[in-house]
Amino acid sequence: MGYMIGVDVGGTFTDFSVFNQETGELFNYKDSSTPADPSRAIVKGVQDVLEIKQAGPETVSYLAHGTTVGTNALIEKKGCRLGLITTKGFKDLMEIGTQRRPALYNLQAQKPYPLVPSGLNCTVPERIRYDGSVETPLDEEETRKVVRWLKAQGVQAIAVCTLFSFINPAHEERIGQIIEEEFPEAYVTLSSRLAPEFREFSRMSTTVMNSYLGPVMKKYVNNFRSSIEGLGIKVEPYVTQSNGSIISIKETIDCPIKTALSGPSAGVIAAAYIGRQCEADKIITFDMGGTSADISLIENYTPQVSNERLVEGYPARIPMINIITIGAGGGSIAKIDEGGALKVGPKSAGATPGPACYMRGGENPCVTDANIVLGKLNQKKILGGRMDVDIELARKAIKEKICDKSDLSLEQAANGIVTVVNSNMVRAIRSVSVEKGYDVREFSLMAFGGAGPLHACEVAKELGMREVLIPPHPGTLCSLGLLLADTKFDLSRTKVVTGEAASIDTVNEQFANMVAQGTELLDKEGVPNDRRVFQFSIDMRYQRQNFEINIAVPGGVLTEEMLEKALADFHAEHKRSYGYCKPEATVQFVSYRVSAIGIIDKPDLKPEELHPEAPIPAPIEVRKVLFQGKTEYVDAPVYKRDDFVPGQTIPGPCICEQMDTTLVVPEGWTIHVDGYHNLKIKDEVN
C-alpha cells in the first residue's frame with residue numbers, strides 16, 4: 001500500500017493527482033510545465049508532492065503520466081529524419097494519399113507536411129497478392145543496397161510498408177532482418193506488426209508517423225525512466241495511450257503513435273468514472289482550457305473509440321478515443337473581421353502575453369477578458385487568489401478592438417464574444433452527437449478544464465440539455481484519469497468474408513490468434529491471469545460499401561446464434577447512424593478486433609453522508625453579473641466551492657469559485673451536491 005500518482009503534462013501546467021491507498025485521501029497539485037524537457041516538471045512535482053505528504057519515494061506504488069511529447073513533435077515537425085521502404089511502383093503513396101480534397105472548393109489548400117524527405121521514399125522489387133500468395137519474390141540484394149543508401153543519407157529511422165503484408169508479412173519480416181544486419185542502430189517500424197489491416201495509405205501513414213516519432217519518444221521515455229529511478233522510486237512508470245489505457249515504457253518506445261492523444265484521453269476516462277458516481281450513463285465531455293476545447297461522447301459509461309482518425313493531416317489507423325478539438329479557450333482572441341462580423345478564435349493569446357487582463361502586455365481582447373467584464377470571473381484575482389487581473393485593461397482592449405470598430409457597446413461586445421465562442425462549442429458538440437444520430441437532450445454535459453464550467457450551463461441551455469455535471473477538481477481531471485486506466489492492447493486482423501454460417505470457423509480462428517498474441521503481451525506486462533479480460537468485435541459493412549461499422553461480439557467464440565445477433569446489431573446501428581438499413585443485403589466481415597485488458601488497482605473513493613438540512617453557505621461577495629442573452633446586470637452571490645456540503649441545494653443565479661476553475665450558474669438552474677462532492681446542476685425551468 002502507498003501512493004498512486006497520476007501526472008498530466010500540459011503546455012502551461014503539469015497536474016498531479018495523488019491517491020493515498022491507506023487513508024483514501026485524493027490530493028491534487030499543480031506546477032509549471034517545462035516544455036524543453038517535460039520530465040523535469042514531473043520529477044520536481046513528484047518531489048514536491050512527496051515532501052508535502054512527508055513520504056519517501058519507496059511509498060510510491062504506481063506512477064503514470066500522459067505525455068504531449070509525440071503530439072508536439074508532430075505539430076512542430078520535430079520528429080527524426082527517416083526513410084521509407086515499400087513495394088516497387090508505390091513510392092509516392094504518401095503524397096498521393098486517397099485523392100480526397102481537404103477542402104472541396106479550395107484550389108490552394110495545403111497538403112500535410114511531408115514526413116518522409118524527398119528522395120528517401122525507396123522501393124524494392126517484391127509483390128504479394130491479395131490472397132497472400134507471392135507474385136514477385138523479395139530481391140534481397142536490392143534491399144541491402146537500399147538500406148545501405150538510407151544509412152549513408154543519415155536517416156535515424158526506417159518505415160517498412162509493402163502491399164498486402166497484413167495478409168502475408170514474410171517480405172516485411174525479411175526486410176526487417178536485413179535492416180538489423182546492415183543498419184542495427186536504426187529505429188524500425190513494420191506495418192504488419194503495427195497495423196495489420198487493409199487500406200495501404202492508412203497503414204503506410206500510421207507506420208511512417210510511428211517511425212517519425214520513434215527516436216524522439218525513445219530519448220524522452222528513457223530520460224523519464226532514469227529520472228524516476230534517480231528519485232528512488234522502485235515501480236516501473238506507465239504512459240497513457242490514445243485509447244485511454246496505460247502501457248509500459250517499452251511498449252511506448254515500440255509504438256509511440258499510440259500516445260498521439262495521450263492527455264485528452266485520460267480526461268474522458270475520468271469523466272466515465274465520475275459518470276458512474278453520478279449515475280449518468282450518457283455524457284458529453286466538455287474540456288475547455290486556455291487554447292482549445294476537447295469534446296467527446298460517452299454512452300453506457302463507455303467512451304467511443306474510433307479505429308482511424310487524422311493526426312496532423314495523416315490518417316492514423318490505431319484505436320483512439322473519439323475526441324473533437326476546436327480552437328476555443330479562455331485565451332481565444334476576438335476581433336471584427338473585414339466584413340464587420342465578430343469572430344472569436346481559433347488564434348489564442350496563450351499564457352504569454354495572454355488575455356489583456358493578465359497584465360503581461362496582451363492588447364487583444366480574449367474570452368477571459370469578456371468574462372471578467374461581465375462579472376463571471378473574479379475581477380481582482382484568479383487561481384485561488386494567486387494571480388492578479390486588471391479589469392480596466394480588459395475593458396480597454398474590448399473597447400479599442402471591438403467597440404471602436406463596430407456599433408456595439410462594451411456590454412454588448414463582451415456578451416457577444418461569449419455568445420460567439422459558445423456557438424463554436426455548440427457546433428462541436430452537435431458534430432459528435434446530433435450529426436451521429438444521437439438525441440443530445442438525453443445526455444448530461446460534463447464540464448472540466450480551467451474554463452469548461454464557466455460556459456457549461458449556457459452551452460447546455462442552447463443545446464436543450466438539462467443537466468450539467470462538474471467534478472470536484474475540474475482542472476486536474478486528466479491526471480485523475482491516469483489513476484483509473486487499465487493496461488490495454490488493441491489487436492486487429494483483416495480478412496474479408498461474407499457474414500454467414502460458413503465463415504464462423506474463419507472468424508474464430510482470427511480471434512484465437514489475437515487472443516494468443518494478447519496473452520503474450522499481458523505476460524510481458526506481468527498481469528495476473530485473474531485480472532485479464534478480452535473484448536471482441538468485428539468491422540462490418542454491406543457488400544460494395546467502403547466504410548465499416550464496428551460491432552461488439554461478446555464471448556469471443558462465434559456461434560450461429562451469436563452470428564444472428566451480431567448481424568441484427570449491425571443493421572440497427574447502420575439505421576441509427578445513416579437513417580436506413582437493408583436486412584436482406586449481403587453483409588461482409590472485414591476486420592476483427594480483440595482488446596487484451598489487464599485490470600489495474602484503482603482508487604476506491606467513498607461517498608460522504610448527505611446533509612440536505614445544511615444551510616446554504618454565506619457568499620464571499622455579491623457581484624453584478626451580465627448573463628448571456630440578458631441586457632441588465634443582476635446581483636449574484638459568489639460562493640467558495642470548498643464551503644459546499646454533500647446534500648446541499650444551491651439555487652442560481654450564482655458564481656462558484658475554486659482554485660482551478662469558476663462555475664457560472666444562470667437563473668433557473670440549481671446546484672445539487674452529491675456524496676462525492678460532484679455538482680449536478682439542473683435546469684429547473686425547461
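Some points to look at:
- Failed item in (1) under 22 Å from the mean Cα position of the chain (by Cα); (2) of a type outside the set (S, T, N, Q); (3) open to solvent by less than 30 Å² (accessible area, probe 1.4 Å); (4) within 30 Å of L163 (Cα to Cα), with F183 passing the rest: (1)
- Wholly enclosed helices (runs of 4 or more DSSP H) of the range 374-475 bearing at least 3 residues touching a Pro at 6+ places or on another chain (Cβ under 9 Å) and under 21 Å from C357 (Cα atoms): 391-401, 410-432
- Close pairs from the range 172-200: first under 23 Å from V496 (Cβ atoms), partner among the acidic types (D, E), Cβ under 6 Å, at least 6 apart: L190/E172; S192/E172
- Members of the range 1-58 that are open to solvent by 70 Å² or more (accessible area, probe 1.4 Å), in contact (Cβ under 8 Å) with a residue 40 or more places away in the chain and out of contact with any Ser or Thr (no Cβ under 9 Å at 6 or more places or on another chain): Q47, E58
- Pairing each residue of the range 83-99 that is assigned to a helix (DSSP H, G or I) with any residue that is open to solvent by less than 70 Å² (accessible area, probe 1.4 Å) and aromatic (F, W, Y), provided the two are 6+ apart or on different chains, yields C-beta distances under 7 Å for L93/F201.
- For E312, the criteria (1) farther than 30 Å from D254 by Cα; (2) in contact with a Leu (Cβ under 7 Å, 6 or more places away or on another chain); (3) open to solvent by 20 Å² or more (accessible area, probe 1.4 Å) hold in every case but one, which is (1).
- Filtered by the rule that a residue be open to solvent by 20 Å² or more (accessible area, probe 1.4 Å), farther than 19 Å from R309 by Cα and within 28 Å of the chain's Cα centre (by Cα), the range 538-571 gives A552, P554, D569.
Quick grid of which residues meet (1) open to solvent by 10 Å² or more (accessible area, probe 1.4 Å); (2) out of contact with any strand residue (DSSP E or B) (no Cβ under 9 Å at 6 or more places or on another chain); (3) among the β-branched types (V, I, T):
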| position | (1), (2), (3) |
| --- | --- |
| F448 | no, no, no |
| V459 | no, no, yes |
| C478 | yes, no, no |
| L482 | no, no, no |
| K495 | yes, no, no |
| A502 | yes, yes, no |
| N508 | yes, yes, no |
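- In the set (1) open to solvent by 40 Å² or more (accessible area, probe 1.4 Å); (2) more than 22 Å from L213 (Cβ to Cβ); (3) in a loop (DSSP other than H, G, I, E, B), A103 fails one condition alone, (1).
- Residues of the range 223-271 that are part of a helix (DSSP H, G or I), over 23 Å from M288 (Cα atoms) and touching a helix residue (DSSP H, G or I) at 6+ places or on another chain (Cβ under 6 Å): N223, F224, R225, S227, L231, I249, T252, I253, P256, I257.
The values are calculated or read from the model by the stated rules, or taken from the named source; none is laboratory data. Bear in mind the structure is a predicted one, so any value in this text is a computation, not a measurement. Cβ sites come from the backbone with ideal geometry, for glycine too, and all protein chains shown count toward neighbours. Side chains included, ligands, DNA and RNA excluded: accessible areas come from the protein's heavy atoms. Shrake-Rupley method; radii C 1.70, N 1.55, O 1.52, S 1.80 Å.
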